[in-house]
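**Student:** Quick one: structure below, then a few questions.
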Amino acid sequence: MTSSPHAEPKSRTRIRYDDLLSAFEWVSAAAPSENSAFVSRLTGRMHWVSSSHDLEDELPEDIDDASLYVAVPHKYDLDLGKDLVRRFADEVLPESSDIIAAFFHRRGAYARFKDFLERKACLQAWYDYETKATEAALREWCEENGMQLVP
């Protein structure tokens, strides 16, 4: 008896964390929907696409089949944008959270935020916080999508 190519995999698809992180950073480096990446639910292979860059990766014809591929989320989909900054400010620099929130009312917010953190000697703390939150969010996303992260 042969299985259909559309059958759900019997075991969870294994994905290398570094591969998923690279795809996540690619998707998040641009405005939502500008860069996309998809993970094969059967093989764990990543497929990258961009509306503004020509890529050599030929997308499978059935890339829109959600039973076979899942889109890698943008950082905004996982509350890893301004919401993460707010959580960091509330936890690490509560006395400065209003100042930090004000940075995000106009363009260039992240540059001002990082300059502020550098002056406060907290920039590395931000990078560590962001890395930990990103890994936790990607692990949760994998669980929700029936995938397993491997080193």
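**Student:** Taking 7 Å along the Cα-to-C-beta vector as the label spot, tell me the Gln124-Ile63 distance in nanometres, rounded to one decimal.
**Tutor:** Roughly 4.1 nm, to one decimal.
**Student:** Can you tell me, using C-alpha contacts under 8 Å and at least 6 residues apart, the relative contact order of the chain as a whole percent?
**Tutor:** On the way: 154 pairs, mean separation 39.4, N = 151.
So the answer I get is 26 percent.
**Student:** Taking mean projected area of the Cα convex hull in nm² as the quantity of interest, determine which of [x] 8.1; [y] 12.3; [z] 10.7 was computed from the displayed structure.
**Tutor:** Of the labelled values, this structure produces [z].
**Student:** Next up: When the Debye formula is applied to the Cα atoms of segment 74-151, each taken as the same point scatterer, what base-10 log of I(q)/I(0) results at q = 0.13, 0.23, 0.24 Å⁻¹?
**Tutor:** Reported log10 I(q)/I(0), two decimals: -0.44, -1.06, -1.13.
**Student:** Identify all aspartates and glutamates with a Cα-Cα distance to Lys132 below 15 Å; exclude those on the same chain that are fewer than 8 residues away in sequence.
**Tutor:** Candidates past the 8-residue exclusion: Asp18, Glu25, Asp79, Asp83, Glu91, Glu140.
**Student:** Only bridges whose two residues both fall in the chain count here: according to DSSP, what percent of them are antiparallel, nearest 5?
**Tutor:** Expressed as a percentage, antiparallel bridges in the chain total about 65.
**Student:** Using DSSP loop states and a limit of at most 15 other Cβ atoms within 10 Å to flag trypsin sites (Lys or Arg not before Pro), what is the longest stretch of the chain containing no flagged site?
**Tutor:** On the way: sites that count: Lys10, Arg12, Arg45, Arg106, Arg107, Lys120.
No qualifying site falls inside 46-105, the longest such stretch.
**Student:** Of all accessible surface on the chain at a 1.4 Å probe, what whole percent is carbon and sulfur?
**Tutor:** 49
**Student:** Residue by residue through segment 125-132, which ³J(HN,Hα) values in whole Hz follow from phi under the Karplus form 6.51 cos²θ - 1.76 cosθ + 1.60 (θ = phi - 60°), with glycine and proline marked x?
**Tutor:** Values per residue, Gly and Pro as x: 4, 5, 4, 5, 4, 5, 4, 5 Hz.
**Student:** What does the accessible area per residue of segment 1-150 come to in Å², with a 1.4 Å probe and no ligands, DNA or RNA counted?
**Tutor:** Here the residues of segment 1-150 average 62 Å² of exposed surface.
**Student:** In nanometres, what is the gap between the two model label sites at Lys132 and Leu55, each 7 Å from Cα along Cα-to-Cβ?
**Tutor:** Inter-label distance under the simple model: 3.1 nm.
**Student:** If I model a spin label as a point 7 Å beyond the Cα along the Cα-Cβ vector, how far apart are those points for Ile99 and Arg16 in nm?
**Tutor:** About 4.3 nm, to one decimal.
The values are calculated or read from the model by the stated rules, or taken from the named source; none is laboratory data. The structure presented is a predicted model; accordingly, all values stated were derived computationally and were not measured. As a convention, Cβ positions derive from the backbone with ideal geometry for all residues, glycine included, and neighbour counts pool all protein chains shown. To get the accessible areas, we keep the full protein, side chains included, count just its heavy atoms, and leave off ligands, DNA and RNA. Shrake-Rupley method; radii C 1.70, N 1.55, O 1.52, S 1.80 Å.
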